[in-house]
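One structure is given here, and the rest of the page talks about it.
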Amino acid sequence: MNQKEDKDLLMNGREATLPAVHAREVAALIESLGYTDRSAREWGFPDIFSLAEHLFARLQQVPARDERASQKGGGRLSLWAETRCALRKFSLSLAYAIPWMVMLILEYLRPDALRVSPEIGGALSLSLIASLITTGGFVQMISRSGNFYYGLKEPVLAHRTCTSLLNIGLTSSLFLTLLGIMVGSYFHLFAGNYLMLAAINYLALSLLWMLCAVLSVQGTGWCIPFIFFLSIAMSGSIKILLNSGTTILLILCPLLAASLALGCVLAGSYHAERKNPLSKDSARPRGGVMFISLMQFYVYGTVYFSFLFADRLTAGSAVPWVSGLNFGIDAAYKKGTDLVLLAFLITAALVEYLADSFLRFWQRLATELPQAASERLMASLWKRHSKSMLAIFTAFVVLALSAWFAFSRSSSLAPAPRLLQTAVLGGLGYLMLSVALLEIIILASINAISMASLALALGVAVNLLTGYGLSHLWGVQYAAVGLLAGSAVVLWISNAAVRRILRHPDYHYSIS
């Protein structure tokens, strides 16, 4: 084990933590990664503590002068690194925003292109929502573990870990597909052929979201937009050549996108293994330790997407019984919430970057300022936090208004009052959720993810109860009130938690 490997193991793996002050802290870090005495013996040390003593001694010899020189001469490099960081943060959120944008454009500009029967529309909508909710936790697990091992300069280990999680997620999706078919058949939710189409759509979308997460951590998130556009173009060409129906187009598009994404993931894995042949021999962490450490992120991702689509579930359940449908989202409600949801998905990409920038700013201040300057640290963090919230507020308002004027003017039909009510209520809800997302990411990054999950869980409960009651009593458009009330709860709880943390930023930074 040479000095470069030593530095890569700890310095790159601890980008957001304090420098090690004792060898036992290094030992705790190594064990937290899942390494054991057997791993230490593979590197030529009798146990973990001997390896920690060795690494700690080596890190104490690293000259700070070299680091300052590299920072001084790397202005252009830091700008490129910042751009790459922004693109990586944007890529996964845009994976959800791009197909939503395309569907919205077709829905407003070419409404006949995606016209299907209400029953098949309800089945496909339900499968889309289910795919996002049930894979949201696996997407978070893949993102967290993949980015962590990339920080350790272990791309092959990152790919193997992501592949394991992908296999678990796909197995879970297959089980849920069979369960959904049985439940749907038993309660006669949809006809048998529609249930099968919804199952195929659910599996394809579930695989697609998880593959997009792998592409994001591979650093090839830039190819996600091309995958979506190419799959849409291929599906459209097949529809024209074969003169097939719209239902086939809607099923074929996610299947093609998942196939293209799988090819890109395999190519990225092959390239990483060829570029880093020595990484194949890296000791893998114990599966149980890794899974337990990532479980809280699974809960967070699942609850987050449950909140995001809870209002649509309540709106879909409020369909009039005389229609003969068990689930179907009102057209006016769908159009209104689609507009503001698009603004939220794009804003979420900005929030991811702003939260990461805030945390890196916090880290830099904590390492540069003396310990006695806690008041200055707190004031600087409050100022940066306020600027981030203002940027999020401005971005969402601009995007929501732009989407409204662009799509409402392009539509041949005048906006109905119910559509306007839905857009306003849903827009206020997503605006508060955008601001709350900044707080949630901060909490998740400083070992307070349980508080973030609690805030979202309470928000889901309020969203479902309020939306269900009002949509059944007063009208489907009032399901958006549930989104508004739930977002207010999430923002209130998460903001209060962040405010408590920023009153003692030095303490919370030291224990994170």
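Some values worked out for this structure:
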item	result
Some residue of the range 210-223 being within 20 Å of Gly316 (Cβ to Cβ) and assigned by TED's automatic domain parsing to the domain that holds Phe148	no
Residue among Lys89, Lys153, Lys72 that is of a type in the set (Lys, Arg), farther than 28 Å from Phe309 by Cβ and at pLDDT 65 or above	Lys153
The range 288-304 - residue that is free of Cβ contacts under 8 Å to residues at least 40 places away in the same chain and closer than 17 Å to Asn147 by Cα and, of those, surrounded by the most Cβ atoms within 10 Å (Cβ to Cβ)	Phe291
Residue that is modelled with the lowest pLDDT [pool: residues in the range 308-331 that are buried (at least 17 other Cβ atoms within 10 Å of the Cβ) and among the small types (Gly, Ala, Ser)]	Gly328
Yes/no for Val139 being modelled with pLDDT of 85 or more, β-branched (Val, Ile, Thr) and at negative phi	yes
The lone exception for Ser231 - which of (1) in a helix (DSSP H, G or I); (2) without any contact (Cβ under 8 Å) to a residue 40 or more places away in the chain; (3) over 19 Å from Leu128 (Cα atoms) it fails	(3)
Sole residue being surrounded by fewer than 21 Cβ atoms within 10 Å (Cβ to Cβ), assigned to a helix (DSSP H, G or I) and hydroxyl-bearing (Ser, Thr, Tyr), chosen from Ser131, Ser206, Ser185	Ser185
Verdict on Ser412 being assigned to a helix (DSSP H, G or I) and modelled with pLDDT under 95	no
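The values are calculated or read from the model by the stated rules, or taken from the named source; none is laboratory data. The model shown is predicted, which means the values in this text are computed figures rather than measured ones. Here the Cβ is made from the backbone with ideal geometry for all residues, glycine too, and neighbour counts use every protein chain on show.
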